[in-house]
């Protein structure tokens, strides 16, 4: 009798849902779309309670395919990316409640140097939010950083205690990114792969081709690495080979010059790792290069000023245009944004203007002779185009210093792991993760995307992988252990 009642309730709920859905379709079309999200929301809630690991994989897979509210025509309020960011917010709330109740996070993770730097960065972000020129904007920015870190770093670090979870994380994002790449390529083919439309053809999934190129660049080394790992099945390796080909073709026709440059740098990182060069030697070399540049900057800028090749035409012309600071609008606009960031830093060198405020405040700092045809005074076309100069003007010298310390700490950790790990498969995985991160560190000089879910999933996820390899696997042998 009890079973019969349960069946009746089930049919009643289903029949009611169908009737309400039909009513919404004919009489309230706006509610129809929202109402159809209800089963998905129920599924997410159930997974969050009973199987958060599967929910995390859904989150990772959905992120490249997610569409922002702005793309959907809702420009007011918080510009969330659907469905990934609501999931991130939900798992963050559940994680925080569980952490306050039973302390679920391994203390080893909390005490790791990378995690400590992240906590210091959050603390300083909170301080500069209190002194922000636009407190509401800074609070939104900090909250988004918290749910990115919680869902993409802390929860993932717990999941990565299982080695297979790292491979699943990499594969789910890659598969979804490949779908985006295929859709984008088909759309782009209709315009004969015209370079002029490469920037917007990636919508609604990515806001521009540079963010798309950054994601592709991060996963190209990873796909290469998985091909050489012995404990990856042949079927998965075949999938990785197909994904690698898709990514390589896609990054070429994306005309994302920063992506091309970052891949070249990642190959340089690979060369130094194969030659067993220590990171401190590389760091000293970089410092020496910076000193030489500063000493001869006038002469170097004069040479660069003679280059007037625009990013329009074949690949060779696009490569040459990377150093064009005389006529290339994209390069000149970056110089304009960087100049504004430096002027803002000079005005508020200690606390900055507040996290996330640059795009709303930089307009008065533009010099007329530095403006370009794509300049704007309305704060509607992005940020400082730098992961280093953005924090410099928004969070002062200390904020920028924390970012640099994090970059150096990650690279030092990666090099140390590669030089000490004996297991070949684990070493290959570590190398490819480090190469992927290095592509983003290079991108950080030219763009900044960590305020988006698209970049936060791979960036913080890769960091969590390195931390877990350091804490749990560096002395283990996984080569004969089947991962996927």
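The values are calculated or read from the model by the stated rules, or taken from the named source; none is laboratory data. As the structure is a computational prediction, the values presented were derived from the model and not from experiment. Every residue, glycine among them, receives a Cβ derived from its backbone with ideal geometry; neighbour counts consider all protein chains shown.
Are any residues in the stretch 232-263 assigned to a loop (DSSP other than H, G, I, E, B) and surrounded by 18 or more Cβ atoms within 10 Å (Cβ to Cβ), and if so, which ones?
The answer is 232, 254, 255, 256.
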Give the stretch 446-462 a look and list any residue that's more than 22 Å from residue 105 (Cα to Cα), out of contact with any strand residue (DSSP E or B) (no Cβ under 7 Å at 6 or more places or on another chain) and either free of Cβ contacts under 8 Å to residues at least 60 places away in the same chain or part of a helix (DSSP H, G or I) (or both), or say none. 446, 454, 455
Could you grab me the full set of residues in the stretch 81-113 that are in a helix (DSSP H, G or I), touching a helix residue (DSSP H, G or I) at 6+ places or on another chain (Cβ under 7 Å) and closer than 20 Å to residue 449 by Cα? 84, 85, 87, 88, 89
Looking for something farther than 30 Å from residue 196 by Cα and either modelled with pLDDT under 70 or loosely packed, with under 11 Cβ neighbours inside 10 Å (or both) - is there at least one such residue anywhere in the stretch 352-360? no
Considering (1) part of a helix (DSSP H, G or I); (2) within 17 Å of the chain's Cα centre (by Cα); (3) touching a residue at least 40 places away in the same chain (Cβ under 8 Å), say which one residue 204 fails and leave the rest. (1)
Condition check: in contact with a strand residue (DSSP E or B) (Cβ under 9 Å, 6 or more places away or on another chain) and within 20 Å of residue 457 (Cα to Cα). Does residue 204 satisfy that? yes
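So how many residues does the stretch 210-239 have that are touching a residue at least 40 places away in the same chain (Cβ under 8 Å) and more than 16 Å from residue 438 (Cβ to Cβ)? Outline the logic, then answer.
From the stretch 210-239, those touching a residue at least 40 places away in the same chain (Cβ under 8 Å) are 210-226, 228-233, 236, 239; that's our starting set.
After this cut, where a residue has to be more than 16 Å from residue 438 (Cβ to Cβ) as well, the list is 210-212, 226, 228-233, 236, 239.
Of the residues in that region, 12 qualify.
In a loop (DSSP other than H, G, I, E, B), farther than 14 Å from residue 456 by Cβ and in contact (Cβ under 8 Å) with a residue 60 or more places away in the chain - does that describe any residue in the stretch 143-164?
Applying the first criterion (in a loop (DSSP other than H, G, I, E, B)) to the stretch 143-164 yields 160-162.
Filter once more, keeping what is farther than 14 Å from residue 456 by Cβ: 160-162.
After this cut, where a residue has to be in contact (Cβ under 8 Å) with a residue 60 or more places away in the chain as well, the list is 160-161.
Within the stretch 143-164, one or more residues are in a loop (DSSP other than H, G, I, E, B), farther than 14 Å from residue 456 by Cβ and in contact (Cβ under 8 Å) with a residue 60 or more places away in the chain.
Residue by residue, here is whether (1) assigned to a helix (DSSP H, G or I); (2) at pLDDT 95 or above holds:
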residue	(1), (2)
387	no, no
410	yes, yes
418	yes, no
426	yes, no
444	yes, no
464	yes, yes
475	no, no
480	no, no
483	no, no
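For the stretch 125-140, what are the residues that are surrounded by 20 or more Cβ atoms within 10 Å (Cβ to Cβ) and either without any contact (Cβ under 8 Å) to a residue 12 or more places away in the chain or part of a helix (DSSP H, G or I) (or both)?
Of everything in the stretch 125-140, those that are surrounded by 20 or more Cβ atoms within 10 Å (Cβ to Cβ) and either without any contact (Cβ under 8 Å) to a residue 12 or more places away in the chain or part of a helix (DSSP H, G or I) (or both) turn out to be 125, 128, 129, 137, 138.
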Filter the stretch 264-281 down to the residues that are out of contact with any helix residue (DSSP H, G or I) (no Cβ under 8 Å at 6 or more places or on another chain) and not in a helix (DSSP H, G or I), then identify the one that is surrounded by the fewest Cβ atoms within 10 Å (Cβ to Cβ). 275
Do we have residue 430 as in a helix (DSSP H, G or I) and closer than 28 Å to residue 80 by Cβ here? no
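Condition first: under 25 Å from residue 401 (Cα atoms) and either modelled with pLDDT of 60 or more or crowded, with 17+ Cβ neighbours inside 10 Å (or both). Can you find one or more residues in the stretch 301-311 that meet it?
Scanning the stretch 301-311, I find no residue that is under 25 Å from residue 401 (Cα atoms) and either modelled with pLDDT of 60 or more or crowded, with 17+ Cβ neighbours inside 10 Å (or both), so the answer is no.
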